[in-house]
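One structure is given here, and the rest of the page talks about it.
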Amino acid sequence: MIVIIATMKVKEGSGPEFESVMSELADAVRKDEPGNIQYTINLTSDGDYVILEKYKDQAAVQAHQKATHFKTSFPKLSQHLDGPPKIQFLKEVY
């Protein structure tokens, strides 16, 4: 399995709009991507958003990156970000 951790800093005051776009994306991922196992939106005590994603294999990750809902959501999300997201790709060991 492949785990992706995306950490995003959001511009001050943009949290509600960011969460709205992210929740639509999360719903689409969960509904339309059979290779997705987990997709959660989390908020740290510092106000950063951490998206935890888990996919069954690399093909599922590629399908996610090519999905229309991902491609159309990212420009909407970007306008609320305070810098580029930090993306980590992990291989689940146990």
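The table that follows gives values for the structure above.
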read-out: Residue match in segment 9-17 (condition: within 11 Å of the chain's Cα centre (by Cα) and modelled with pLDDT of 95 or more); value: no
read-out: Residue pairs meeting the criteria (Cβ under 6 Å; at least 6 apart or on separate chains; first within 20 Å of MET8 (Cα to Cα) and without any contact (Cβ under 8 Å) to a residue 40 or more places away in the chain, in segment 22-47; second among the charged types (D, E, K, R) and outside any loop (DSSP other than H, G, I, E, B)); value: GLN38/LYS54; TYR39/ARG30; TYR39/GLU53
read-out: Among (1) exposed (fewer than 12 other Cβ atoms within 10 Å of the Cβ); (2) outside any strand (DSSP E or B); (3) out of contact with any Gly (no Cβ under 9 Å at 6 or more places or on another chain) - the single one GLY47 does not satisfy; value: (3)
read-out: Given (1) without any contact (Cβ under 8 Å) to a residue 60 or more places away in the chain; (2) in a helix (DSSP H, G or I), number of the condition PHE18 does not satisfy; value: (1)
read-out: Residue among HIS80, HIS69, HIS64 that alone is more than 13 Å from the chain's Cα centre (by Cα) and modelled with pLDDT of 95 or more; value: HIS80
read-out: Residue match in segment 18-40 (condition: within 21 Å of LYS91 (Cβ to Cβ) and of a type in the set (Phe, Trp, Tyr)); value: yes
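The values are calculated or read from the model by the stated rules, or taken from the named source; none is laboratory data. Computed from a prediction, not measured in an experiment: that's the story for all the values here. Note that we place each Cβ from the backbone using ideal geometry, even for glycine, and neighbour counts take in every protein chain shown.
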